[in-house]
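Enquirer: Below is the structure I would like to discuss, written out as structure tokens.
All of the numbers you see were taken from the coordinates with simple rules; none came from a lab. Treat the numbers as computed from the prediction; the structure is a model and nothing was measured. Glycine gets a Cβ as well: all are built from the backbone with ideal geometry, and neighbour counts include every protein chain shown.
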Amino acid sequence: MQFSVSRGRSSLNRFRHTWTIASVMIAALVSLPLLAVLSGVFTDTRDVWQHLIQTVLGQYISNSLLLMLGVGIGVSVVGTVTAWLVTMCQFPGVRIFQWALLLPLAAPAYILAYSYTELLEYYGWVQTTLRAVFGWQSARDYWFPNVRSLWGAIVMFVLVLYPYVYLLARSAFLNQSSTTLEASRGLGCTPWQGFYKVALPLARPAIVAGVSLALMETLNDYGTVDFFAVPTFTIGIFRTWFAQGERLAATQLAVLLLGFIATLVLLERWSRKHQRYYQNTTVTASTPRYQLAGWHRFGALGACILPIFLGFFVPSGLLISLLFPGEVGDEDYASAGTGDFWLNSLGGDRFWSFATNSLTLAAAAAGLAVLVSVILAYSKRLQPTRVNQTATQLATLGYAIPGAVIAVGAMAPLGRFDNAVDAWMRSSFGISTGLLLSGTIVALLFAYLVRFLAVAFGAVSSSLENIKPNLDDASRSLGYRPGATLVKIHLPLIRGGLISAAILVFVDVMKELPATLIMHPPNFTTLAMRVYSLASDERLAEAALPALTIVLVGLLPVVLLSWQMGRGLKRSGQSD
């Protein structure tokens, strides 16, 4: 009997080690692009650095820092204020605003950039109306701000990215001790004083985490800063790689950009560490809201309506209006019939081909990311050792790394693999295999996996952690091995988490532009690439349909997050 038990434990440990090995192999594979970029540090590149310093490096650094500063201030103010208002104050429409403030997440920043350029440029609706009303004849008769500038890019990013801060700040405000907040009321604090002196200091770690995530997304962007002609590190990587063919210089810029990202990652993790300070306090549902009246009520309404209106309804409404060319005042498209325009958009423009490419690619990437996430999360559950924890951290580091950096890093190992196989086939069989992985869908899926694995892992891991360990013990007593336990017990129980993970990755891939532009196969175009191409050619009306499709798909995670927020409130017993 003892021999049987010993043999059973040995078999169980062997299977657990198999999962650990799989987890380590995944981490090693996913880390290759990062290692390839970091290897550039050890390359003798003094001439490259000297050239960059003398020409463009100062401009890239200053623009990136100014962009981060403006976006950081903007998202922290908008996200924190709106989170406080909908959490602790009572005013008309507060329940609607709780989920509606997430709507700007649906549209990537580059789509807002294209939309507002169409709206605010010289021949756009706003300036055309102003000239008609005031009788101005040309741009010399009046001053109008240029949206295609650094400040314009900052506004676009703030409108799209403030929900990162809003979500985390709102969660922090909900989790704060009601005793502390009631004490501030007892001391006669007004809503503003209670927010500034009590709630804000306690929520600061969550706000810092949200700002860090928003800044990571800002540094990852290419479409917005390229269209607005704001030279940043991402622009520099594209220019040196494609326009100048200087891959080594592009790698060095990627290394420097990683330094910025590493700082943000450390800041975000520091904030999460200190977030425990207030998450362990007592949470109750009885804390009364501040009843706003008079101009305070209208101020709260305006503060919540404005970011939703500017970040979602204005660009979405403009895109819809561009689908009917006779309505937008664009002479080039108004001259053509609406039927001809739609025929060109849906047929001649090969819209369905681009949509199929995007949907297929996003679905494949989502499935792959969920599968790998299940392996990582289950391996960590079976053996929560330092090896598995380290492997998980390495594998999920990619979300903090800009897509352009991942693409640059992925090209090196994939190219070396292709060259090694080709050389071996030539020497052994006299056959040239050419490029097997580079420039293929497989390479693009690999880049997406590196970039978005953390998104899927978060949803899968949190769902798996909610399953009590006694189910594993019961399964083991019935003779199930770890793999059978996962398939027959755990996967059905975490189906919701798997679907959530797939939706989040699916939408992120649909929006992704930098990595797709660098690594896409020849004659393969996605909706995001098509929008970028048309907008770059100033054909914004033709870009409306694919852009609107991306926005509609982007609503999926907004609906998902809204549903989860509502369910969380019901579980905690908090009412609005």
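Enquirer: Going through the cross-link list Lys468/Lys488; Lys380/Lys511; Lys380/Lys468, which pairs have a Cα-Cα distance over 26 Å in this structure?
Expert: Lys380/Lys511
Enquirer: Going by the alpha-carbon gyration tensor, a ≥ b ≥ c the square roots of its eigenvalues, is region 215-258 rounded (a/c under 1.5) or, if a/c is not under 1.5, prolate (a/b greater than b/c) versus oblate?
Expert: In terms of gyration-tensor shape, oblate.
Enquirer: While we're looking at this one, here's another question. Using Cβ counts within 10 Å as a stand-in for footprinting exposure, how do Leu65, Leu102 rank, fewest first?
Expert: Leu65, Leu102
Enquirer: Please say if region 402-475 is rounded, prolate or oblate, where rounded means a/c under 1.5 for a ≥ b ≥ c the square roots of the C-alpha gyration tensor eigenvalues, and otherwise the choice is prolate for a/b larger than b/c and oblate otherwise? Walk me through the numbers before you get to the answer.
Expert: Details: a/c = 5.00, a/b = 2.14, b/c = 2.33.
Judged from the Cα gyration tensor, region 402-475 comes out oblate (a/c at least 1.5, b/c at or above a/b).
Enquirer: Order by neighbour count: Asp221, Asp422, fewest other Cβ atoms within 10 Å first, most last.
Expert: Asp422, Asp221
Enquirer: FRET efficiency for Thr360 and Leu436, Cβ-Cβ distance as r, R0 = 22 Å, nearest 0.05?
Expert: Approximately 0.60, to the nearest 0.05.
Enquirer: Once the convex hull of the C-alpha atoms of region 53-113 is built, how many Å³ does it hold per residue, rounded to a whole number?
Expert: Hull volume over Cα atoms, normalised by residue count, gives 91 Å³.
Enquirer: Take each of the peptides 432-443, 355-366, average the number of other beta-carbon atoms within 10 Å over its residues, and list them starting from the highest.
Expert: Numbers: 432-443: 15.9, 355-366: 19.9.
The densest-packed peptide leads the list: 355-366, 432-443.
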